[in-house]
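None of the figures in this text is laboratory data; all of them are computed from the coordinates on show. Please read all numbers here as calculations on a predicted model, not as lab measurements. Neighbour counts are summed over all protein chains in view; Cβ atoms, including those assigned to glycine, are modelled from backbone coordinates with ideal geometry.
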Amino acid sequence: MVSHRLYSYARCSTCRKALAWLATQGLVPGQGLELIDITLQPPSLGELKQALEQLGRKRLFNTSGQSYRALGAAHVQELSDDQALAALSADGRLIKRPFLVCSNGRILSGFQLPEWEQLLG
């Protein structure tokens, strides 16, 4: 079966909303969806590079999270793309979630229903 990977965090209400919506589309863990805790296993460097190319850097960072605030917006802006990707791959809490890697290679970050409906609905 075609499988999508959803990197999420159980305590994140937006991730829970995304999971509920995915269930309405017939995608549940074990049945078309691989659910991964983003704090324990962040997306791979390759997946993050793909996301950077598809979404741009701004859509990758969880700007409301503690990890981002600890680094500081100014510091994050000064990072090269390679440095930013290294930071994201080292700390899943820096990544905007949920982070969905579709079986066709498309990546979505954050739960914006129209965007998810267009891709998966």
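Things worth noting here:
- Here the relative contact order of the chain, from alpha carbon pairs under 8 Å that lie six or more residues apart, stands at 35 percent.
- For the stretch 54-121: relative contact order, % (alpha-carbon pairs under 8 angstrom, 6 or more apart): 34 percent
- Cysteines not pairable in the chain (beta carbon separation under 4.7 Å absent): Cys102
- Each Lys and Arg contributes +1 and each Asp and Glu -1, all at the Cβ; summed about the Cα centre of the chain, the dipole is approximately 340 debye.
- In sequence order, the stretch 82-98 has phi-based couplings of 4, 5, 5, 5, 5, 5, 5, 6, 8, 9, x, 6, 6, 8, 4, 10, x Hz under the Karplus curve 6.51 cos²θ - 1.76 cosθ + 1.60, θ = phi - 60°, and Gly or Pro positions carry x.
- Taken one residue at a time, the phi angles of the stretch 71-78 give Karplus couplings (6.51, -1.76, 1.60, θ = phi - 60°) of 6, x, 4, 4, 5, 4, 5, 7 Hz. Gly and Pro are set to x.
- Remark: the stretch 65-121 carries a charge dipole of roughly 220 debye about the Cα centre, counting +1 on each Lys and Arg Cβ and -1 on each Asp and Glu Cβ.
- All aspartates and glutamates inside 15 Å of Lys58 as judged from Cα atoms, apart from same-chain residues fewer than 8 positions distant: Glu78, Asp81, Asp82
- Every helix of 4 or more DSSP H residues in the chain counts as -39500 (n - 2.57), and over all residues that averages to -12500 deg cm²/dmol at 222 nm.
- Candidates Leu88, Leu45, Leu27 compared by Cα position along the dipole of the chain: farthest toward the positive end lies Leu27, with charges placed on Cβ.
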